[in-house]
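Trainee: Once you've had a glance at the structure underneath, I'll fire off some questions.
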Amino acid sequence: MARDYLYFPGCSLKATGVAYEESMQELFRILEMPLRELEDWNCCGATSYMAIDEESAFQLSARNLSLARQNGNSDLMAPCAACYLVLRKTQDYVKKYPRVHRHVAASLESAGLPMMDGVKVRHPLEVLYNDVGLEKLESKVVRRWRGGPVACYYGCQAVRPFTEVDRAHNPIRMDEIMKAVGVPTVDYSLKTKCCGGALTGTIHDVGVRLNYLLLKEAARKGANAIVTLCPLCQFNLDAYQVEIQKESGESFDTPILYFTQVLGWAFGADPRKLGFKRGIAGRKLLKQWFAEHAEVEQYV
Amino acid sequence: MARIGIYVCHCGHNIAGTIDVKGVANYAASLPGVAVARDYKYMCSDPGQDLIKNDIRDHQLDRIIVAACSPSLHEATFRNATAQGGLNAYYFQMVNVREHDAWVHSDKAAATEKAKDLVRAAVYRVKLHKPLERRRVPIRPEVLVVGGGIAGIHASLSLAAAGKQVYLVEREPTIGGHMAQFDKTFPTLDCAACILTPKMTAVRANPNITLWTLSEVVKVEGFVGSYQVTVRHKPRYIIDDLCVGCLECVEACVFKEPRFSDEFNVGLGKRKPVYMPFPQAVPQLVLIDPETCIEFKTGKCKKTCVEACAERNAIDFTQKERLETIEVGSIILSTGFEVFDPHRIPYYGYGVYPNVYTALEVERLVNAAGPTGGEVVLRDGRKPKRVGIVHCVGSRDEHTNRYCSRVCCMYSLKLAHLVKEHTDAEIFNCYIDMRTPGKTFEEFYNRVGEEGVNFVRGKVADVYPDGDGSLVMQVEDTLLGIVRKIPVDMVVLAVGLEAHRDADAVRRMFNITCASEGFFVERHPKLAPVNTFTDGIFLAGCCQGPKDIPDTVAQAGAAAMEAAALIDKGYVELEPMTASVNEEECSGCKTCIPMCPYSAISQKADVKKAFINEVLCKGCGTCVAACPSGSIKQNLFEDEEIFEEIEGVLAYA
Amino acid sequence: MDFGRTMKYQREAEPDWPHQLKQLPGCERLFSCIQCGKCSGTCPLSIYMDYTPRRIINLVREGFRNEALSSKTIWLCASCYACAVHCPQDIHITDVMYMLKREAIQHQMYPKRFPIPVLAREFYDLVRKRGRSSEFWLVLRLAMKSNPLILLGMVRTGFWLIRTGRLSLRSERIRGVHQLRRELATPKEAQ
Ligand SMILES: Cc1cc2nc3c(=O)[nH]c(=O)nc-3n(C[C@H](O)[C@H](O)[C@H](O)COP(=O)(O)OP(=O)(O)OC[C@H]3O[C@@H](n4cnc5c(N)ncnc54)[C@H](O)[C@@H]3O)c2cc1C
Ligand code: SF4
Ligand code: SF4
C-alpha cells in the first residue's frame, strides 16, 4: 500500500488558491499517493503574527504540528510557501532557543496537546522531487505540452532559510521537474525575487510594481506562462495583470499556473479537475493550447 | 631535605591583577622544604633571572620553581637560568598561573587559592626531579623547498647564495607560480615577467639547486636534522638532458592548430598535446600531455614530433613515474594558494554569463604575452566600454571564507588601472572596505582614483543580464544610501585566496598543523611567523595565509635564514623527556609499537623486548600509557613524579 | 522650503536598546554587521524604503530607536528573507525587521490608518477568535479601518475572484477554538 500524505492546506488553499488544492489532489491521486487533510488545522499566522507577537505565531504552528503528531504521521506537507516557512521556522526556533521551547511546551500542555517532536514539514515540490523522482515523473507523461516555454518562479519563502525545498540561490528543481515532463523552461533570473506578498493589499502600488517586473522579465525571456508553487505568488501575478497593463501601457495576458496543474495536465488528468478555469489572466492562451480537447470550453 | 626556591611572577598586571602574588609567595614560604619564596614584577627579565642565580649561590638552593606564564613561553628561559646558577636545568618546575589561572578567572580570592594549590603541587613534584642531559645530533646540510612560486624561488636562491644545497620540488611543469601569470604587479606596476624571469633562470643555473618540476613529495620520515623524503617524478615524456627547448616538435605536431584548454592561460587560450607552458618557462623543456596526445590514446599517431626532434632524440613515450628518496636536514613549505572558485556563488553568474571573468583571467587578458596579446576584449571580440570589478568574492563571508584575502583590493585597483589603460573603459570598483595598508598602497589608490575610476562602496548583491546583452550589477551605494543598477559589459570577480584543496593531506605528510581555513599554522603569529610546531619545517608565502609578493619574499628570506642558521649550528639539541623500556619487566607484547606516532619503537630481535630509539622519541607519552605491564617510563614524567604532583594539588590545608 | 536638521546628538541615542534586542531570537548577530549593503542590494523593496535595510541595522546598532521604529522600511519589508540568505555575516535581518514591527506596533509608532499594522492587527484578532482567516472578511475590515476607498479599486479583482470561485464568503471557524485559545493564553516567561 502506498504511504499516505498528511497535508496542511492553510487558509489560501481554501479560497484564492483553491486551484492549487484541486490540482494537487488530482495529481497525487494519479501518482497513487493518497492525500489526507490535517483535521481541524488552524491558520499558520503567516507574516502578520510574526509582526505582532512572535510567541503566538509559534503557538499557532505548534498546534498544527502537534495535531500532525497525534495523527501518527511524521510528515506534514504544506503547499503554501508562507505556511511551509512558518511551520519550519517554529521547529527551528523551538530547537534552537530553550526559552521558545519551554513556552511552546507549556502552551501545548495547557491545551491538552502532545509535544510536536519528530514531525517533518514538507513541500509538495520537494516530495515529488525526492519521493517520486524525475524518472518516474517522466514515465507518467501522456499528454504533450503545447504551451511553449514557461518561467519557473520559486518566489521567496519556499527557498529561504529553514527550507529543504531547494537551495536558496538559483534553485532548479521545479525547472528539472518541468523539463522531465516535457515542458521547456526559460532562464528566469528573477525566479527567487519576492512578489511582495501581502503588500499588494497594503502598499498596493509598490506591491503591484514588483509583479510588473516579474511579468515583464518572464515575457522578455520568452516565457508564455509562469509556473508557481505558492498561492500568494499565483494570486499576485494573476489578479493584477489588468491593472498592470493599464499603468504600464504594456500588454500582459500571461497564464499563472501551479506546477501541480501543469503536471496534472501532462499526466492526463481530467482538466476540469485541475482548476484551470480559476485563473484570471491568460484564459485565451490556455484555450488555444488545450484546443484539441473538445470539452475545452468547460474547463477554461 | 630539599632546598627549594620559589618565584611568583606578577607579569605586570597580567597575573598580579587577579592573583594576590604576595599571598602566594608567603604561603609557599611555609611549605616544607622551601628555603626562599619571592614575588617579582617580571621574572623573565634579566634582574628576575639574576634573582634565581644569586639565590642558588647564596641560599644553596637545589630545586627551582617559577609560577608565571605558560611553559611554552618561558620554560626554556628559566631552565637556562637554573643551569647558569649551577644546577641541572631539569631541577626546575614551571607553574602556569597566567593562562591557567589569572586569565581565566575573575574571582580573585578563588584564583589565589588555585595558585597556591598549583604551587604546592610543584613543590611536591620537584623534589623527585632527576638530573637530565640534552642530547645533540648532527644536522644534514641539505634543504628541501616544496613549491616553486616566488616564495620557493626566493628561499632557494637565498639558501644557494649561502652555499647550501637545495632541492626545489614543484608539481607543475614550470616554476613561477601565480606571479608568472601576471602582467604588472602592484603597487609599483613593475612588469611581473621582468622581475620574475631572471630569478627563475637563476634557479636553473645555480649549481647548488636541484630543480625537479612535475614532481611531488609523497612521504616524509625522520626528524629535524635528518628527514628522509620520497619524491615522485611524473613522466614528462621528454628527456630533460636532450631537449633544447627549440619547440620544433610543437610546430610539427599532427594537430596543426592548438586545440586544448591551456592551463597557464586559465582556459582562455589553447595549446597542443606537446607544449611549453609559456615562453619563459623554467626549465625550458616541452612536455607531452598524455590526456590529449593521440599516441597515448590510440598508439597510432604519425609522431611527427619525433621526426622533428630528429637526432636530438629527446622524446620518449615510454617514460614511467619514478620514486626517489633524498635526505635533508630541514624543509621549507611554499606551496602557495588557489584562487576561490566563483561557481560557488551562483548569483554572480560565473560560468553562466560569458562576460563574467575572474581576476586571474583578466590578469591573462591584460598580459602582452597572454591569449589576446594584451588586448582586453570580451569573448565575442568586443572591447568593453564599461567594466565592473566586484571585490571580496569568496572572502569576508560566513558562507564562503570569513577572512579577508588581503591582496584583492590592491590587485583590483591594479586591474582597474590596467583595464582603463588598455580600453579607456569606464570602471566601477564595488568594494566593502578599501584595504590598502602596505607601503605606498594608499598612494596607489589615490592615483587610480585620480585616473577617474568610480568607487562604489557596497557589496554587489546580484549580477544579471540586461535586455541589450550587457550585464547589470545591483549594489547598494552605501555612501549614498541608495541601491544602484550599474550596466557593464564585463564583470571582474576579485576572487579571494584559498588554501590548496590538498593542504590537509600535505600538512599530515609533514606533520604540521592547519587552521580551520586550511592555511598552515605558524608557531607564533608574531614571534615565530615562519616556524611551525615541528622543528626544522618552515613556512613561506601564501601557504601560511594570503599575502602579497613583497611580504611573500620577506617571509621566504626569513625561512631561508632559519634553515641556514640550523645548518650552520651543525647540530640539534633534543629534549631529554624521552621514554625508555625497563627490559626486565617488558613482556614483549608489542602493544606499544604501532601506537608510537613517530615510529620510534621496535623490538630487539635477540631478547624480544621493546626498544625505543631516543633520537626519534618526541616524548609524547603514548607508549607509557599504553604499556600493559607498566614497564615504560618517561623522563620528567615518571609515575612517582606525577602521583606526587596529584597528591600536592589535593593536599589543601 | 523646509530646512530640518539632520545631525544627531549622542543623547538622542538609546545605547542599551540594541543590547537588549541582541538577546532576542534571531537578533544575536546584530553587532557583526560590516555595513556591506548586500541586504539592501538584494532586497526587492529597498528602492522604496526611506532607510535601506543596511541603514536600519546601523540605526538599531547605534541605538537610534525613534528613527528605526518610525521608518517606512519596516512596513515595506515583505519578509521574503532574501537579505537573510545573502548576508555575509549571517545576520537574520528579517527577524530584526519583525522585531522592529512588533515594537512599533506595541508603542503605536506608525502613521495613523497605516494599512499594514492595521491588517496585521485585524488578521491577528480574526485568527485568535476563529482559528482561521478569511481573506474576504480581512479585506473588508482592513478597508473600513484604513481607507474605505481602496474597496473601489478592488471591484474588478473582486468580480473576477467571485466569477472564478476563489472568493469564499464563508467565515471559517475551527472546532478546537477553545483548545487554541487555551494554548494562546499560556503566559510568556518573563525575560
Ligand atoms: C589575481 C591576483 C593578482 C595578484 N596581483 C598581485 C600583485 O600585483 N602584486 C602583489 O604583490 N601580489 C599580487 N598577488 C598576490 C600574489 O599572487 C602572491 O603574493 C604570490 O603569488 C604568492 O606566492 P607563493 O609562492 O606563496 O604562491 P604561488 O604563487 O601560489 O606558488 C606556489 C607554487 O607551489 C606549487 N605547489 C603547490 N602545491 C604543491 C605541492 N604539494 N608540491 C609541489 N608544488 C606545489 C604550485 O604549483 C606553485 O607553483 C595577486 C594575486 C592574485 C590572485
Ligand atoms: S582585500 Fe579587499 S577585496 Fe580582498 S577580501 Fe579583503 S576587503 Fe575584500
Ligand atoms: S548584508 Fe549583513 S553585513 Fe551586510 S549590511 Fe546587511 S546586515 Fe550588514
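The values are calculated or read from the model by the stated rules, or taken from the named source; none is laboratory data. Only a predicted model underlies this, so the values are computations on that prediction, with no experimental measurement involved. With ideal geometry, Cβ positions are generated from the backbone for all residues, glycine too; neighbour counts draw on all protein chains shown. Accessible surface areas use protein heavy atoms only, side chains included; no ligands, DNA or RNA. Shrake-Rupley method; radii C 1.70, N 1.55, O 1.52, S 1.80 Å.
Trainee: Are any residues in the stretch A:5-28 of a type in the set (D, E, K, R) and in contact (Cβ under 8 Å) with a residue 12 or more places away in the chain, and if so, which ones?
Mentor: Residues satisfying the conditions are A:21, A:22, A:26.
Trainee: Could you say whether any residue in the stretch A:135-149 is outside any helix (DSSP H, G or I) and over 30 Å from residue A:172 (Cα atoms)?
Mentor: no
Trainee: Exactly one condition in (1) facing another protein chain (nearest Cβ under 8 Å); (2) at pLDDT below 90 is not met by residue C:76; state its number.
Mentor: (2)
Trainee: Next up: Run down B:396, B:406 and say which single residue is more than 15 Å from ligand 1 (Cβ to nearest atom), of a type outside the set (A, V, I, L, M), at pLDDT 95 or above and open to solvent by 10 Å² or more (accessible area, probe 1.4 Å).
Mentor: Working: B:406 fails: more than 15 Å from ligand 1 (Cβ to nearest atom).
Sole residue among the options that is more than 15 Å from ligand 1 (Cβ to nearest atom), of a type outside the set (A, V, I, L, M), at pLDDT 95 or above and open to solvent by 10 Å² or more (accessible area, probe 1.4 Å): B:396.
Trainee: To continue, here is another question. In the stretch C:35-49, what residues are in contact with a Lys or Arg (Cβ under 7 Å, 6 or more places away or on another chain), in contact (Cβ under 8 Å) with a residue 40 or more places away in the chain and either of a type in the set (Lys, Arg) or assigned to a loop (DSSP other than H, G, I, E, B) (or both)?
Mentor: Listed by number, the residues that qualify are C:36, C:38.
Trainee: Where the second residue is in a strand (DSSP E or B) and open to solvent by less than 20 Å² (accessible area, probe 1.4 Å) and the first is within 15 Å of ligand 1 (Cβ to nearest atom) and charged (D, E, K, R) and lies in the stretch B:482-507, which pairs have Cβ atoms under 8 Å and are six or more apart or on separate chains?
Mentor: Partner pairs satisfying both residue conditions: B:507/B:520.
Trainee: Would you check which residues across the stretch C:91-103 are crowded, with 22+ Cβ neighbours inside 10 Å and either without any contact (Cβ under 8 Å) to a residue 40 or more places away in the chain or not aromatic (Phe, Trp, Tyr) (or both) and list them?
Mentor: C:91, C:93, C:94, C:95, C:96, C:97, C:99, C:100, C:101
Trainee: For residues in the stretch B:587-602 being touching a Lys or Arg at 6+ places or on another chain (Cβ under 8 Å) and within 12 Å of residue B:612 (Cα to Cα), which is most open to solvent (accessible area, probe 1.4 Å)?
Mentor: This residue is B:598.
Trainee: One residue is enough: does the stretch A:113-125 have a residue meeting the conditions within 10 Å of chain C (Cβ to nearest Cβ) and more than 25 Å from residue A:215 (Cα to Cα)?
Mentor: Yes, the conditions are met somewhere in the stretch A:113-125.
Trainee: Moving on. Please work out if residue B:204 is open to solvent by 60 Å² or more (accessible area, probe 1.4 Å), in contact (Cβ under 8 Å) with a residue 24 or more places away in the chain, within 16 Å of ligand 1 (Cβ to nearest atom) and out of contact with any Ser or Thr (no Cβ under 9 Å at 6 or more places or on another chain). Before you say what the answer is, go through the steps one by one.
Mentor: Working: open to solvent by 60 Å² or more (accessible area, probe 1.4 Å): yes; in contact (Cβ under 8 Å) with a residue 24 or more places away in the chain: yes; within 16 Å of ligand 1 (Cβ to nearest atom): yes; out of contact with any Ser or Thr (no Cβ under 9 Å at 6 or more places or on another chain): yes.
The answer is yes for residue B:204.
Trainee: On the basis of being hydroxyl-bearing (Ser, Thr, Tyr) and more than 12 Å from ligand 2 (Cβ to nearest atom), does residue B:436 make the cut?
Mentor: Here the answer is no, as residue B:436 does not meet what is asked.
Trainee: Anything in the stretch B:484-507 that is surrounded by fewer than 24 Cβ atoms within 10 Å (Cβ to Cβ) and within 14 Å of chain C (Cβ to nearest Cβ)? List them, or say none.
Mentor: B:484, B:485, B:486 - these are the residues of the stretch B:484-507 that are surrounded by fewer than 24 Cβ atoms within 10 Å (Cβ to Cβ) and within 14 Å of chain C (Cβ to nearest Cβ).
Trainee: Restricting to the stretch B:608-650, what's the tally of residues that are hydrophobic (A, V, I, L, M, F, W, C) and modelled with pLDDT under 90?
Mentor: Total meeting the criteria: 3.
Trainee: Listed residues B:153, B:175; which is touching a Lys or Arg at 6+ places or on another chain (Cβ under 9 Å), assigned to a loop (DSSP other than H, G, I, E, B), surrounded by 20 or more Cβ atoms within 10 Å (Cβ to Cβ) and among the aliphatic types (A, V, I, L, M)?
Mentor: B:175
Trainee: For the stretch B:508-526, which residues satisfy the criterion of being farther than 20 Å from residue B:397 by Cα, open to solvent by less than 30 Å² (accessible area, probe 1.4 Å) and part of a loop (DSSP other than H, G, I, E, B)?
Mentor: B:510, B:512
Trainee: Go through the stretch C:23-58 and give me each residue that's open to solvent by less than 80 Å² (accessible area, probe 1.4 Å) and more than 14 Å from chain B (Cβ to nearest Cβ). Full working, then the answer.
Mentor: First, pick out the residues of the stretch C:23-58 that are open to solvent by less than 80 Å² (accessible area, probe 1.4 Å): C:24-46, C:48-54, C:56-58.
C:24, C:25, C:26, C:27, C:30, C:31, listed by residue number.
Trainee: Which residue is surrounded by the fewest Cβ atoms within 10 Å (Cβ to Cβ), if the candidates are limited to the stretch B:536-564 and must be under 10 Å from the mean Cα position of the chain (by Cα) and closer than 17 Å to residue B:140 by Cα?
Mentor: B:537
Trainee: Conditions: (1) within 14 Å of chain C (Cβ to nearest Cβ); (2) surrounded by fewer than 17 Cβ atoms within 10 Å (Cβ to Cβ); (3) touching a residue at least 12 places away in the same chain (Cβ under 8 Å). Residue A:144 meets all but one. Number of the miss?
Mentor: (1)
Trainee: While we're on this one: Do we have any residue at all in the stretch B:144-157 that's within 25 Å of residue B:70 (Cβ to Cβ), under 38 Å from the mean Cα position of the chain (by Cα) and free of Cβ contacts under 8 Å to residues at least 60 places away in the same chain?
Mentor: Taking every residue of the stretch B:144-157 in turn, none turns out to be within 25 Å of residue B:70 (Cβ to Cβ), under 38 Å from the mean Cα position of the chain (by Cα) and free of Cβ contacts under 8 Å to residues at least 60 places away in the same chain.
Trainee: So residue C:6 clears everything in (1) open to solvent by 10 Å² or more (accessible area, probe 1.4 Å); (2) part of a loop (DSSP other than H, G, I, E, B); (3) of a type in the set (Val, Ile, Thr); (4) within 11 Å of another protein chain (Cβ to nearest Cβ) except one condition, right? Which one?
Mentor: Result: residue C:6 fails condition (4) only.
Trainee: Any residue at all in the stretch A:79-93 that is of a type in the set (Ser, Thr, Tyr), in contact (Cβ under 8 Å) with a residue 60 or more places away in the chain and more than 11 Å from every other protein chain (Cβ to nearest Cβ)?
Mentor: yes
Trainee: Answer yes or no: is there a residue in the stretch A:22-36 that is out of contact with any Ser or Thr (no Cβ under 6 Å at 6 or more places or on another chain), within 11 Å of chain C (Cβ to nearest Cβ) and not in a helix (DSSP H, G or I).
Mentor: No: the stretch A:22-36 contains no residue that is out of contact with any Ser or Thr (no Cβ under 6 Å at 6 or more places or on another chain), within 11 Å of chain C (Cβ to nearest Cβ) and not in a helix (DSSP H, G or I).
Trainee: For the stretch A:77-94, indicate whether the set of residues that are in a helix (DSSP H, G or I), over 18 Å from residue C:95 (Cβ atoms), of a type in the set (A, V, I, L, M) and not assigned by TED's automatic domain parsing to the domain that holds residue A:139 is non-empty. Spell out the reasoning first.
Mentor: Initially, the stretch A:77-94 is screened for residues in a helix (DSSP H, G or I), giving A:81-94.
Pick out the ones that are also over 18 Å from residue C:95 (Cβ atoms) and you get A:83.
Pick out the ones that are also of a type in the set (A, V, I, L, M) and you get none.
Among the residues of the stretch A:77-94, not one is in a helix (DSSP H, G or I), over 18 Å from residue C:95 (Cβ atoms), of a type in the set (A, V, I, L, M) and not assigned by TED's automatic domain parsing to the domain that holds residue A:139, which makes the answer no.
Trainee: Which of (1) outside any loop (DSSP other than H, G, I, E, B); (2) in contact with a Cys (Cβ under 9 Å, 6 or more places away or on another chain) is the odd one out, the single condition residue C:55 does not satisfy?
Mentor: Status for residue C:55: all satisfied but (2).
Trainee: Taking the stretch A:2-21, which residues are more than 14 Å from the chain's Cα centre (by Cα) and outside any loop (DSSP other than H, G, I, E, B)?
Mentor: A:5, A:6, listed by residue number.
Trainee: Is there a residue being within 14 Å of chain C (Cβ to nearest Cβ), within 16 Å of ligand 3 (Cβ to nearest atom) and either part of a strand (DSSP E or B) or exposed (fewer than 14 other Cβ atoms within 10 Å of the Cβ) (or both) anywhere in the stretch B:438-456?
Mentor: Yes - at least one qualifying residue is present in the stretch B:438-456.
Trainee: Now for a separate question. What are the residues in the stretch B:45-69 that are over 24 Å from residue B:130 (Cα atoms) and open to solvent by 50 Å² or more (accessible area, probe 1.4 Å), if any?
Mentor: B:46, B:47
Trainee: Return yes when residue B:481 is more than 21 Å from residue B:377 (Cα to Cα), within 14 Å of chain C (Cβ to nearest Cβ) and crowded, with 22+ Cβ neighbours inside 10 Å and no when it is not.
Mentor: no
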